[in-house]
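Here is the structure we will look at, set down as structure tokens.
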Amino acid sequence: METHISMPGVPQPPLSSELGEAMEFIRNVPVFADIEAAELAKIVRVGVRKKYKKGSIILLEEETGAALFVIVSGKVKIVRTDDEGREVILSILGENDFFGEMSILDGLSRSASVVAITKTELFMIHRRDFLKLMQDVPSVAISLLKEMTLRLRKADSQIKSLSLKDATGRVANVILQLADDIGTIRKGRVEIDELPLQQDLANMAGTSRETISRVVHSFIKKGLVEMRGNKLIIGDYEKFKSLFM
Ligand code: CMP
């Protein structure tokens, strides 16, 4: 289901309570921080809210990119697949994160597929509106570059891990990546709810399911992590980082 907010170029009515709520949400999205209320209202008016069920494919690798998405609620995985349908998760994004900026900026096809891993609500902005916004409001372009720089740093760390670390180091790196992407930190302890399937973890770490199981058990034995159902807990996040980063 989508709620169409408005058409660009058409005279704008005052903000309704629904739009006021959308303004509140957009104000908290880091890429739109430091924007004046009038500019925020423009974004809200050109945006479209869309809801997806768990498991829905939101974007397909190789499609043409026509819009940028901000996550209002829920979680998505960014994946690449090979010809045999095997997939690797590049990243997991959650509330207030954005995706779809790459093909908007370079005009090429989508660099990866995006799949909802929980019920997800998105705020979609069409390419031309987003490009115009970046021209009109330089702080949006700067925030976008900052986030893209952070993603490049993470990708560099993944390349280092996959090329230079042994299996234990690679599994630890994947756990650290998930902690950063979807973990919640409290008093030095990180909880990762709904850890991805062992096969997904294996693909991310460039190893087998058996190795994931063996390494995670060795971490449990050493008291570095705990498993509670599908939740992984890193008791001392700083210590874990210092051992494996
Ligand atoms: P786009 O190429 O338009 O569509 C797929 C999106 O996935 C892409 O834009 C980015 O927003 C996102 N994406 C691709 N690679 C990564 C990555 N390594 N980390 C986080 N997000 C990514």
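The values are calculated or read from the model by the stated rules, or taken from the named source; none is laboratory data. For clarity, every value in this text was computed on a predicted model and none was experimentally measured. FYI the Cβ positions are ideal-geometry reconstructions off the backbone, even for glycines, and counts take in every protein chain you see.
Taking segment 133-167, which residues are of a type in the set (D, E, K, R) and touching a helix residue (DSSP H, G or I) at 6+ places or on another chain (Cβ under 9 Å)?
Passing the criteria: ASP136, LYS146, GLU147, LYS154, LYS160, LYS165.
Scan segment 104-118 for residues that are within 7 Å of the ligand (Cβ to nearest atom), under 22 Å from LYS132 (Cα atoms) and not charged (D, E, K, R) and jot them down.
Across segment 104-118, the qualifying residue is only ILE104.
Any idea how many residues of segment 29-66 are at positive phi and away from the ligand (no atom under 14 Å from the Cβ)?
2
List pairs: first in segment 28-47 and modelled with pLDDT of 85 or more and aromatic (Phe, Trp, Tyr), second crowded, with 17+ Cβ neighbours inside 10 Å and in a helix (DSSP H, G or I), Cβ under 6 Å, 6+ apart or cross-chain?
PHE32/ILE26
Looking only at segment 77-103, which residues are more than 9 Å from the ligand (Cβ to nearest atom), under 26 Å from LYS132 (Cβ atoms) and free of Cβ contacts under 8 Å to residues at least 60 places away in the same chain?
Of everything in segment 77-103, just one residue is more than 9 Å from the ligand (Cβ to nearest atom), under 26 Å from LYS132 (Cβ atoms) and free of Cβ contacts under 8 Å to residues at least 60 places away in the same chain, namely GLU95.
Report whether or not LEU144 is farther than 21 Å from ALA179 by Cβ and under 14 Å from the mean Cα position of the chain (by Cα).
yes
Among the residues of segment 123-163, how many are over 14 Å from ALA33 (Cβ atoms), of a type in the set (Val, Ile, Thr) and without any contact (Cβ under 8 Å) to a residue 60 or more places away in the chain?
Residues flagged as over 14 Å from ALA33 (Cβ atoms), of a type in the set (Val, Ile, Thr) and without any contact (Cβ under 8 Å) to a residue 60 or more places away in the chain within segment 123-163 amount to 2.
Residue check: is VAL10 modelled with pLDDT under 90 and either charged (D, E, K, R) or exposed (fewer than 12 other Cβ atoms within 10 Å of the Cβ) (or both)?
Judged against the criteria, VAL10 is a match.
Restricting to segment 128-185, give me the number of residues that are of a type in the set (Lys, Arg) and more than 12 Å from the ligand (Cβ to nearest atom).
Counting residues in segment 128-185 that are of a type in the set (Lys, Arg) and more than 12 Å from the ligand (Cβ to nearest atom) gives 6.
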